[in-house]
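A.B. asks: Input: one structure, supplied below.
The values are calculated or read from the model by the stated rules, or taken from the named source; none is laboratory data. It should be emphasised that the depicted structure is a prediction, and the values quoted were computed from it without experimental measurement. Neighbour counts run over all protein chains shown; Cβ positions are idealised from the backbone, glycine included. SASA here: full protein model, heavy atoms, side chains in, ligands and nucleic acids out. Shrake-Rupley method; radii C 1.70, N 1.55, O 1.52, S 1.80 Å.
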Amino acid sequence: MRTVPVRALASTLAPYTTLRLGGPAERLVEVRSADALVEVMRAADDAAEPVLLLGGGSNVVVADAGVPGTVVLLASAGRRLERRPDGSVLLTVEAGEDWDGVVAATVADGLGGLECLSGIPGRTGATPVQNVGAYGVEIGDLLVDVDLYDRRTGAVRANVPASQLGLGYRTSTLKGRADAIVLRVRMVLPGDGASAPIRYPELARTLGVEPGSRVPAATVREAVLALRRGKGMVLDPADHDTWSAGSFFTNPVLPAGSGPADAPRWPAGAGMVKLAAAWLIEQAGFRRGSPGPGGRVALSDKHVLALTNRGSGTTADLLELARSVRDGVRERCGVELVPEPVLVGCRL
Ligand SMILES: Cc1cc2nc3c(=O)[nH]c(=O)nc-3n(C[C@H](O)[C@H](O)[C@H](O)COP(=O)(O)OP(=O)(O)OC[C@H]3O[C@@H](n4cnc5c(N)ncnc54)[C@H](O)[C@@H]3O)c2cc1C
């Protein structure tokens, strides 16, 4: 089996998550190809052993008690560009490729489309799992299809169309279930070097353009990275504000008229509105830097939506802080916040 056992490198999963939290794995292996990933999954399933697949560990909260069975670290590599007759480009990427590396490479190749998704940590295979999005673009806008390994049948399903993945706001049918594994992802990019239309008002203001404009992709990438750095949303080992899982809560999508009357809201399809979770958290009395137990965890100094490990935190500390935020918002605003990361072996 072409896997690399890495157990000797770390006794806990903490170094493999961006929160730097999580207890031990019984067995830790790294896979460097889609075939090796399928092989490991099949072997574990045949032995009825639990498996946890980790990409960059940037959207998980792993229990202090650790994880039974095998943890698979995904490191398959490779990407391919095909120019299509209409001038667009089909981009095929192996699931283990670092996502921001893919965005940077497309921009360097003179291709637009992905630039608003610059600086999002993690691996490419996880991008459809919660339909990653930022600054007005979601992966679902560009995704054509994925190759999946279906653990229920033991078969690889090639070219599963994006339309069958139930992509929605920070969700898909892949999220929270472990039986459908993304092996590779295909996206279509415009191919003319211009960005996707700039939809996000803050980004349009930063670029000094009208919403809807298309701008050189490289210019947008730089602007997005600068905005994200200001919010602690680009990983930096020296900055505890980035020891997080990104936004800890999704913006609640509720029937129109829900929540406090003065809460900022945006239309979210048929009779629904999206409320700003950050605003609700502030209404409940939390501020940037609000500490959790012993100050070992805290809301980020730059962004109330990010729950961070200040260096000596535990998952139990983080969950306690998350519960106090969730309960505070429920009491003050009557709205139930839902966590964005996948909770592994623990719950709120
Ligand atoms: C600082 C910071 C900023 C962030 N900003 C954003 C943002 O702007 N927008 C956004 O949407 N998200 C954001 N995130 C969240 C996170 O980066 C994304 O969700 C990312 O796609 C997770 O990738 P990962 O490889 O780290 O997944 P992991 O955390 O390793 O895994 C997440 C879940 O997906 C599953 N999974 C992983 N790979 C696969 C696969 N190949 N097939 C099937 N299941 C798989 C895992 O088993 C797990 O359940 C941010 C996180 C951080 C820390």
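A.B. asks: Charges at C-beta only: +1 for Lys and Arg, -1 for Asp and Glu. How large is the resulting dipole of segment 253-308 about its Cα centre, in Debye rounded to 20?
C.D. replies: Values: 6 positive and 3 negative charges, 29 e Å.
My answer is approximately 140 debye.
A.B. asks: Relative to the Cα centre, what is the charge dipole magnitude of segment 109-255, using +1 at the beta carbon of each Lys and Arg, -1 at the beta carbon of each Asp and Glu, and rounding to the nearest 20 debye? Before the final figure, lay out each step's value.
C.D. replies: Numbers: 16 positive and 15 negative charges, 82 e Å.
Dipole magnitude for segment 109-255 comes out near 400 debye.
A.B. asks: Using modelled amide H (1.01 Å from N, peptide plane; none on Pro or chain starts), what sits under 5 Å from the amide H of V89, excluding residues fewer than 5 places away?
C.D. replies: Placed amide hydrogens put R84, L189, G191 under 5 Å from V89.
A.B. asks: A further question on this structure: Please list the non-local residues whose amide H lies under 5 Å from the amide H of V273, H modeled 1.01 Å from N, same-chain partners needing a gap of 5 or more.
C.D. replies: Counting only residues 5 or more places away or on other chains, the set is L254, A256, A268.
A.B. asks: Give me the net charge for the shell around V304: Cβ to Cβ below 11 angstrom, other residues only, Lys and Arg +1, Asp and Glu -1.
C.D. replies: Working: positive: K231, R287, R288, K302; negative: E282, D301.
That sum, taken over residues with Cβ under 11 Å, equals +2.
A.B. asks: Expressed as a rounded percentage, what relative contact order does the chain have, with Cα pairs under 8 Å and six or more residues apart? Before the final figure, lay out the partial values.
C.D. replies: Values: 795 pairs, mean separation 55.6, N = 348.
Over the chain, the number comes to 16 percent.
A.B. asks: Share of the chain's accessible area from carbon and sulfur, percent, 1.4 Å?
C.D. replies: Details: 7600 of 14630 Å².
Carbon plus sulfur share of accessible area: 52 percent.
A.B. asks: While we're looking at this one, here's another question. Residue by residue through segment 190-206, what is 3J(HN,Hα) from phi via Karplus (6.51 cos²θ - 1.76 cosθ + 1.60, θ = phi - 60°)? Round to whole Hz and write x for glycine and proline.
C.D. replies: Using θ = phi - 60°, the values come out as x, x, 9, x, 8, 5, 4, x, 6, 9, 7, x, 4, 6, 4, 4, 4 Hz.
A.B. asks: With every protein chain left in place, what is the accessible area per residue of segment 62-178 in square angstrom, probe 1.4 Å?
C.D. replies: On the way: 4230 Å² over 117 residues.
The answer is 36 Å² per residue.
A.B. asks: Oh, and also: What translational diffusion coefficient, to the nearest whole µm²/s, does the chain have by Stokes-Einstein, given a Kirkwood radius computed over alpha-carbon pairs, a temperature of 4 °C and 1.567 mPa s viscosity?
C.D. replies: Details: Rh = 21.0 Å.
It comes out at roughly 62 µm²/s.
A.B. asks: Applying the Karplus parametrisation 6.51 cos²θ - 1.76 cosθ + 1.60 with θ = phi - 60° to the phi angles of segment 261-275, what ³J(HN,Hα) value in whole Hz is obtained for each residue in order, glycine and proline being reported as x?
C.D. replies: Listing the rounded values in order: 4, 8, 6, x, 8, 10, x, 9, x, 2, x, 10, 10, 9, 9 Hz.
A.B. asks: For segment 75-199, divide the Cα radius of gyration by the Kirkwood radius and give the resulting Rg/Rh value with two decimals. Numbers along the way, then the final one.
C.D. replies: Values: Rg = 13.8 Å, Rh = 14.5 Å.
The Rg/Rh ratio comes out at 0.95.
A.B. asks: Right, next: Just going by the charge dipole of segment 44-144, with Lys and Arg at +1 and Asp and Glu at -1 on Cβ, which of G136, A105, L74 is farthest out on the positive end?
C.D. replies: Final value for the positive-end residue is A105.
A.B. asks: While we're here: Determine the percent antiparallel among the DSSP beta bridges restricted to the chain, to the nearest 5.
C.D. replies: If we restrict to bridges inside the chain, about 75 percent are antiparallel.
A.B. asks: What's the magnitude of the charge dipole for the chain around its Cα centre, counting Lys and Arg as +1 and Asp and Glu as -1 at the beta-carbon? Answer in Debye, nearest 20.
C.D. replies: Value, rounded to 20: 320 debye.
A.B. asks: Using a 10 angstrom cutoff on alpha carbons, build the Gaussian network for the chain and name the most mobile of P128, P161, P24.
C.D. replies: Most flexible of the set in this elastic network: P161.
A.B. asks: Quantify how much of the Cα-Cα distance distribution of segment 226-269 extends past 16 Å, in percent.
C.D. replies: Values: 511 of 946 pairs.
Result: 54 percent of Cα pairs exceed 16 Å.
A.B. asks: Along the charge dipole of segment 174-259, pointing to its positive end and built from +1/-1 on Cβ of Lys, Arg, Asp and Glu, which listed residue (I198, L227, V185) has its Cα farthest out?
C.D. replies: Toward the positive end, the furthest listed residue is V185.
A.B. asks: Hey, any idea what the orientation-averaged projected area of the convex hull of segment 196-240's Cα atoms comes to, in nm²? Before the final figure, lay out the partial values.
C.D. replies: Working: hull surface 13.1 nm².
Average projection, Cα convex hull of segment 196-240: 3.3 nm².
A.B. asks: FRET efficiency for D236 and A261, Cβ-Cβ distance as r, R0 = 25 Å, nearest 0.05? Write down the numbers at each step before the final one.
C.D. replies: Details: r = 39 Å, r/R0 = 1.54.
So, using R0 = 25 Å, E works out to roughly 0.05.
A.B. asks: Once amide H atoms are placed 1.01 Å from N in the peptide plane, what residues at a sequence separation of 5 or more from L28, or on another chain, have their amide H within under 5 Å of its amide H?
C.D. replies: The list, which skips near neighbours in sequence, is V6, R7, V71.
A.B. asks: To continue, here is another question. If you take the C-alpha gyration tensor of segment 29-145, multiply each eigenvalue by 5 and take the square root, what semi-axes do you get, largest first, in whole Å? Intermediate values should be presented prior to the final figure.
C.D. replies: Values: eigenvalues 174, 57, 25 Å².
Largest first, segment 29-145 gives 30, 17, 11 Å.
A.B. asks: Considering segment 159-288, what Rg and Dmax in Å follow from its alpha-carbon atoms?
C.D. replies: Looking at segment 159-288, its Cα Rg and Dmax stand at 17.9, 47 Å.
A.B. asks: Ok, one more. Which whole number in µm²/s is D for segment 228-341 by Stokes-Einstein, with the Kirkwood Rh taken over Cα pairs at 37 °C and 0.692 mPa s?
C.D. replies: Details: Rh = 14.3 Å.
Value of D from the Cα-based Kirkwood radius: 229 µm²/s.
A.B. asks: Here's another thing I want to ask about it. Classify segment 217-292 as rounded, prolate or oblate from the Cα gyration tensor: take a ≥ b ≥ c as the square roots of its eigenvalues, call it rounded if a/c is under 1.5, otherwise prolate when a/b beats b/c and oblate if not.
C.D. replies: Values: a/c = 2.88, a/b = 1.45, b/c = 1.99.
In terms of gyration-tensor shape, oblate.
A.B. asks: With a/c under 1.5 counting as rounded, go ahead and sort segment 18-94 into rounded, prolate or oblate using the C-alpha gyration tensor (a ≥ b ≥ c being the square roots of the eigenvalues; past the cut-off, prolate if a/b is larger than b/c, else oblate).
C.D. replies: Working: a/c = 3.72, a/b = 1.87, b/c = 1.99.
The shape class here is oblate.
A.B. asks: Tell me the mean residue ellipticity at 222 nm calculated for the chain from its helices only (DSSP H runs of n ≥ 4, each -39500 (n - 2.57), averaged over every residue, nearest 500). Walk me through the intermediate numbers first.
C.D. replies: Working: 6 runs with 70 residues, N = 348.
Calculated from helices alone, the mean residue ellipticity at 222 nm is -6000 deg cm²/dmol.
A.B. asks: Please list, in order along segment 73-90, the HN-Hα scalar couplings obtained from phi with the Karplus expression 6.51 cos²θ - 1.76 cosθ + 1.60 (θ = phi - 60°), rounded to whole Hz, x for Gly and Pro.
C.D. replies: Values per residue, Gly and Pro as x: 8, 8, 9, 5, 10, x, 8, 9, 10, 10, 6, 9, x, 7, x, 6, 10, 8 Hz.
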